[in-house]
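The values are calculated or read from the model by the stated rules, or taken from the named source; none is laboratory data. Because the structure is a prediction, the values reported are computed rather than measured. Cβ atoms come from the backbone with ideal geometry, glycine included; neighbour counts cover every protein chain shown. Areas reflect the complete protein model, heavy atoms only, side chains present, ligands, DNA and RNA absent. Shrake-Rupley method; radii C 1.70, N 1.55, O 1.52, S 1.80 Å.
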Amino acid sequence: MERMTTKRARPLSPNIQIYRPQLTSVLSIANRITGVALSVFAVVLAIWLAAAASGPAAYSQLQTIIGSWPGQILFLIATFVFFLHLCGGIRHLVWDSVRAFELKQIYASGWAVVLLSAALTVISWLLSLLIAGHS
Amino acid sequence: MTRYRIQTPLGRAVGLGSAKSGFGHWWTERITAIALVLPAIWFAASLIAHTGTDYETFIHWLAKPINTVMMVLLLVTLFWHAALGLQVVIEDYVHSVAKIWALIVMRFACFALAAVGIIATLRIALGA
């Protein structure tokens, strides 16, 4: 009886740190992290609308914060995070319809998500800068 | 690849999977994801188009019925989808009593922020 209660070294499944990061696993956790990050940016959206509703003073104050260097860097990160979650989410929806499950397709769609998100981020900012230059 | 039907016919009719309410949650997360695609792209495009515009122009733009409707739809689907997603994250990494509190606070925050956003948008739209 006493033997049963003593703690034995149980086999453990390998810790996550042991695995070499792969595109599949990195994108999997990235979808989660970007989702949480976008929730934080959603808070900014609500504050931004509230500031706009309360008047020009509060609005311009918030615009100054967003327009500052840290604000712009955060906004750039937000753009990439937005597109990564959007493209990654669509990839997940395709999987949910039981399609593109072959390993080759999984890697192809994975790289497509990464490259498309980066491209859309660059295009968005270039367009934005172009419009800002014209106004 | 063969497509398997995971649910039993009864389960499909009742709309509940083996995890009781789990399927409903999973399904709603997908539906809100699809519903979010259009408002999200509209929002991103609008932000790009309005780079550097002043307060008056922005207010005038948001007060247009189509933009008011899109903004409210964005807020509803966004915070709904966020609440479902954050719930899964909390359930995976937070345990015991802390989990319950985290879930309650997260839900309250999502509802409150959606309310703040929608009321602010409507105030601007109605010129209050």
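Output the residue which, of all residues in the stretch B:48-91 that are closer than 23 Å to A:Thr64 by Cα and open to solvent by 60 Å² or more (accessible area, probe 1.4 Å), is nearest to the chain's Cα centre (by Cα). So the residue we want is B:His60. Selection of the stretch B:71-96 for residues being in contact with a Gly (Cβ under 7 Å, 6 or more places away or on another chain) and within 14 Å of A:Leu49 (Cβ to Cβ) yields only B:Leu75. Reported count of residues in the stretch A:101-135, each being within 22 Å of the chain's Cα centre (by Cα), of a type in the set (A, V, I, L, M, F, W, C) and at the interface with chain B (Cβ under 10 Å from one of its Cβ atoms), is 5. Of the residues A:Gly71, A:Gly88, A:Gly67, A:Gly55, the single one that is at positive phi, of a type outside the set (D, E, K, R) and more than 7 Å from chain B (Cβ to nearest Cβ) is A:Gly55. On the basis of being open to solvent by less than 50 Å² (accessible area, probe 1.4 Å), out of contact with any Pro (no Cβ under 6 Å at 6 or more places or on another chain), more than 8 Å from every other protein chain (Cβ to nearest Cβ) and closer than 21 Å to A:Gly55 by Cα, does B:Trp42 make the cut? Criteria not met by B:Trp42.
Taking the stretch B:21-71 as the range and being aliphatic (A, V, I, L, M) and touching a Ser or Thr at 6+ places or on another chain (Cβ under 6 Å) as the test, the residues that pass are B:Ala35, B:Leu36, B:Ile48, B:Met71. Pairing each residue of the stretch A:80-109 that is among the β-branched types (Val, Ile, Thr) with any residue that is surrounded by 14 or more Cβ atoms within 10 Å (Cβ to Cβ) and part of a helix (DSSP H, G or I), provided the two are 6+ apart or on different chains, yields C-beta distances under 8 Å for A:Val81/A:Thr34; A:Val81/A:Ala37; A:Val81/A:Leu38; A:Val81/A:Phe41; A:Ile90/B:Val37; A:Val94/A:Ser109.
Within the option set B:Leu86, B:Leu74, being hydrophobic (A, V, I, L, M, F, W, C) and more than 8 Å from every other protein chain (Cβ to nearest Cβ) holds for one residue only, B:Leu74.
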